[in-house]
Amino acid sequence: MSYPDNILHQVTKPARYTGGEWNSAVKDWDKTDIKIALSYPDLYEVGMSNLALPILYDLLNSQPDVLAERVFALWPDMAAIMRARGIPLFSLESKHPLADFDIIGFSLGYELTYTNVLEMLDLARIPALTSERNASHPIVIAGGSCAVNPEPMADFIDFFVIGEGEEVLLELVNSFRGWKRQGKGAPREQLFRQVATIPGIYVPSLYRVEYQADGLFKSITPTVAETRPTIQRRIVTKLPPPVTKPVVPYIEVIHDRGAIEIQRGCSRGCRFCQAGNIYRPVRERPQEEVLQAVGELIANCGYNEVSLLSLSTSDYPNIDELVASLYHRYDSHNLSLSLPSLAIDSFSVRLMDSLVAHKKPGLTFAPEAGSERLRRTINKNIPEDEILKTAAVVFDRGWTSLKLYFMLGLPTETSDDIEGIIQLVDKVSSLSRKARGQRAQVRISLATFVPKAHTPFQWVAQENEPQLDYKHGLLKAGLRRRGVKLSWQDPKVSLLEAVLSRGDRRLGKAIYRAWQLGSIFDGWGEHLNYQNWLSAFEEAGLEPGFYAQRERPLDEPLPWAHIDVGVTLAFLKHEYQLAMKGKATPDCRYKACNACGLQGWQPTCQQKYQQLSQG
Ligand code: SF4
């Protein structure tokens, strides 16, 4: 399959669709037994910046009888032409239609890409609903952070991979291999029952969902012997080797550089953060492995800019030493490093300053809340003094702009906390004038709090649009001054995210209807058609506020409770109660174990937990 000549020049960025990039793997289609399409339900530029995709691509292609190829969502101009010409969606590597693959694996990292999954299946001429697929269709699977609440997408996905895919994917392929060898006649249900026995695999069609008479969710129970009542998240005890030969895009992508994951998991315990809860425990990559990996990345890809990735980079042990060693070893390559997700402290600023000789990076910190009380509540327990001290070091060292992230609508937030943001920004801005004689630019980015499954705030109501608009208004008025620039996210996007992230299986109808009404690329501000979604909820007989803006009692059954991410319900409840009392929980990396539930997983956790139980 290929594009007819007169298609690509009619669309924006044709290189999104051509494939053939450096390091892409094109295996012999006819001689390879198992064909997997790794599908990312967003644009090429976004998907090619994802960390998991190259890991899975590498892992699957390393199996002699497996080929893995990539496919991304088509931008509407391309989708319209493909439909008009009757061309089905096909992969970037061998250009085979998706329908010819054995397995289509979607990566679900953001709820607002759900309609894109349906759009991609439709463009591939594969029924979106699992109930309408048969033996002639590929198996459709999904993983990623959104899979920790799989229910809203349960109508469309044959099975979900819960947690880290590095080990479980190979077990899945093994099962599939055996099932495929039986020939075309082998029933799909047989495969479903077989994979349901693999820890970390959830087959929604093998579970029954019940609701209470008043519409509340009641339970999800297995319907066949092979399934278990709870599905445990897969966790790899040791980080697998880093990918050092990733596909190198021809066009600029969101993160246009090499990337090495230096650490997985975060122990800080921010109560709003899903990643901090669902990627525990912390696992570090040894320094020497990082040093070698960066060298291989340079040699294999030609990159001279590399990101050292982690949820909290400054917590990596001896990160300053690692940075110095990398510069020293790769001095002749003019290496430039970027360090995302830094803690707010002067150590982080000095660390960033050590990169300056090479290339001055932008500086971003996330206090999240404007008052110490609210920062304690969300467990981002940074004293105001520390924030101001850090800002002073930033301006002393010559930075001319600083970006600060805040979240609006956090649990227990009042107008005083909003006033706290205004005052804090004011103090930061004044510090810049003191240090530089003129004000630096302080950019404020406002997000809306979205309560997420498997966090201590999973029971909390999201604020409604008028409440958020009022707070935005206060901030706009209070921050109208020279040198301060304010940007914020549309609350409608966050509302939809809250509905989908804490939803149940009934939401499948609304997702399907919204897509039928034309909703795709919902996460792309200009593409969100909120009215479509409101109509879709209404037609499905659902009320978005029921999911997003309702405080849930701590004993209410939760539609995602059958997914066991490792962090226990008891820990989350305790954290919620501490939050309501305004009490912080110390970071277990530096203080005692908090018995979050992962104490059996890692030697450090085991030791810390033992100390806790003995002490
Ligand atoms: S088990 Fe203890 S040490 Fe390990 S992540 Fe949880 S709280 Fe931290």
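Laboratory data are not the source of any read-out in this text; all were calculated from the coordinates shown. These numbers come from a predicted model, not from an experiment. Every residue, glycine as well, gets a Cβ built from its backbone with ideal geometry; the counts of neighbours run over all protein chains shown.
Structure values in brief
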| read-out | value |
| --- | --- |
| Proximal charge balance of GLU166 [Cβ under 15 Å; K/R count +1, D/E count -1] | +1 |
| Cut-off under 5 Å, modelled amide H: who pairs with LEU408 long-range | ALA447, THR448, PHE449 |
| For the chain: rounded, prolate or oblate by the Cα gyration tensor [a/c cutoff 1.5] | rounded |
| Two-site label geometry, SER136 and HIS328: point separation in nm, points 7 Å out along Cα→Cβ | 6.5 nm |
| Trypsin sites (Lys or Arg not before Pro) within the range 134-227, DSSP loop, no more than 14 other Cβ atoms inside 10 Å | LYS184 |
| Dipole magnitude of the chain about its Cα centre (Cβ charges: Lys, Arg +1; Asp, Glu -1), debye to nearest 20 | 1020 debye |
| Charge dipole (the chain, unit charges on Cβ, about Cα centre) - positive-most of SER336, HIS472, SER346 | SER346 |
| Listed residue (ALA213, GLN549, GLY178) projecting farthest to the positive dipole end of the chain, Cβ model | GLN549 |
| Spin-label zone in the range 160-180 - amide nitrogen under 19 Å from a point set 7 Å from the Cα of VAL224 along the C-beta vector | 160-162, 171-180 |
| Whole-angstrom gap from the range 1-74 to the range 495-519, using each part's C-alpha centre | 28 Å |
| Peptides ranked, highest mean first, by Cβ atoms within 10 Å: ranges 586-597, 306-317 | 306-317, 586-597 |
| Lys, Arg +1 and Asp, Glu -1 on Cβ, resulting dipole of the range 523-615 about Cα centre, debye, nearest 20 | 760 debye |
| Fewest-first sequence of TRP399, TRP29 by Cβ atoms within 10 Å of each Cβ | TRP29, TRP399 |
| Förster-model FRET efficiency, 22 Å R0, ASN23 and ASP65, C-beta, rounded to 0.05 | 0.55 |
| DSSP beta bridge pairing in the chain, given as percent antiparallel to the nearest 5 | 20 percent |
| Sequence-separation-based contact order of the chain, relative, with Cα cut under 8 Å and 6+ spacing, percent | 14 percent |
| For the chain, with +1 on Lys and Arg beta carbons and -1 on Asp and Glu, the positive-most of PRO222, ILE422, LEU446 along the dipole | ILE422 |
| Packing-based ranking, highest mean first, of 566-577, 142-153, 52-63 given that Cβ atoms within 10 Å are counted | 142-153, 52-63, 566-577 |
| Rounded Å value of the spacing that divides the Cα centres of the range 100-119 and the range 557-591 | 30 Å |
| Net charge, SER415 excluded, C-beta distance under 15 Å - Lys, Arg +1, Asp, Glu -1 | -3 |
| Flagged links, alpha-carbon separation over 30 Å, of LYS27/LYS180; LYS403/LYS509; LYS218/LYS492; LYS380/LYS427 | LYS403/LYS509 |
| Charged-residue dipole, Cβ positions (Lys, Arg, Asp, Glu), the range 67-223 about Cα centre, Debye nearest 20 | 640 debye |
| Taking SER332, SER94 and counting other C-beta atoms within 10 Å, the order from fewest to most | SER332, SER94 |
| Mean ellipticity per residue at 222 nm, deg cm²/dmol - from DSSP H runs of n ≥ 4 across the chain, formula -39500 (n - 2.57) | -10500 deg cm²/dmol |
| Residue list for the range 481-507, given a label point 7 angstrom along the Cα-to-Cβ vector of GLU539 and an amide N cut-off under 17 Å | 506-507 |
| Least to most buried among GLU465, GLU189, GLU368 (fewest other Cβ within 10 Å first) | GLU189, GLU465, GLU368 |
| Alpha-carbon centroid distance for the pair the range 397-418 / the range 200-242, whole angstrom | 37 Å |
| Local electrostatic count, LYS245, Cβ distance below 14 Å [Lys/Arg +1, Asp/Glu -1] | -3 |
| Per-peptide average of other Cβ atoms within 10 Å, ordering 468-476, 421-429 highest first | 421-429, 468-476 |
